[in-house]
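Beneath this line is the structure, given in structure tokens, with notes to follow.
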């Protein structure tokens, strides 16, 4: 039986909704990473929780300037790697049980960020970066961003939502291709680049929101990324129109 024009329009609308959710989730995750990274850097003595390799720069700078080295900065990379390995083990277990991966991983990230927030509130202001509670708090933030890295690699087609260098380079190369080929009006090309440009914009906006949150909310600043992670979890439950079309 042929599809009616009305049904065709409905299917197209649902496909657009799917595209929106596919673009929205990486953007929200980038907001989370940008805000968490900025708050961690400002409150925990230069600790990068998302852009983890930045801690090598901070560590080297502290050593050559003879400043006190934060234990959290030293521990961040080993903890990040350990959490990635544990997350990979968890993914294998969930996969063996036939359980979807995206929602459990986002829930785990939300819980880790909630713990990061709770420890920040307990530690107060200013944060004594080498106090055991502050070190533990920082590692919760690092662990949350490690889980988010795993989400990008496993559930979002290797989309990076925590470090933007590769995304910016890829987007710049693609824009350069537009000028080289002089094909400025290809709407499908620009539409296909939304998954690249969205996370870049999200991360930049997240950095600004994180700085503002740290200034205004002080020890409660991490409530922002916790709320954003809860919204990302809600987005992940959006129905798949392609599945509905088969019903």
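Every number in this text was worked out from the coordinates using simple rules, so none of it is lab data. In this text the structure is predicted, and so the values were computed from the model without any measurement. Glycine gets a Cβ as well: all are built from the backbone with ideal geometry, and neighbour counts include every protein chain shown.
Points to keep in mind about this one:
- Annotation for residue 165 and residue 215: the two label points, set 7 Å from Cα along the Cα-Cβ direction, are 2.8 nm apart.
- Counting neighbouring beta carbons within 10 Å and listing from fewest to most, the residues 56, 44, 179 come out as 179, 56, 44.
- The simple spin-label model puts a point 7 Å past each Cα toward its Cβ; for residue 60 and residue 23 those points are separated by 3.8 nm.
- Gained length - residue 77 relative to residue 227, 0.36 nm times residue gap less alpha-carbon distance: 51.4 nm
- Seen from all directions on average, the range 137-176 presents a Cα convex hull projection of 3.0 nm².
- Neighbour counts of other Cβ atoms within 10 Å put 66, 128 in the fewest-to-most order 66, 128.
- Net length available on complete extension from residue 179 to residue 53 is 42.1 nm, with 0.36 nm assigned per residue and the Cα-Cα distance removed.
- Taking the number of Cβ atoms within 10 Å of each Cβ as an exposure proxy, the fewest-first ranking of 164, 145, 139 is 164, 139, 145.
- Prolate/oblate/rounded call for the range 22-85, Cα gyration tensor, a/c under 1.5 rounded: prolate
- Theoretical FRET efficiency, 1/(1+(r/R0)^6), r = Cβ-Cβ of residue 131 and residue 238, R0 35 Å, to 0.05: 0.25
- Convex hull of Cα atoms in the range 21-245, direction-averaged projection (nm²): 14.6 nm²
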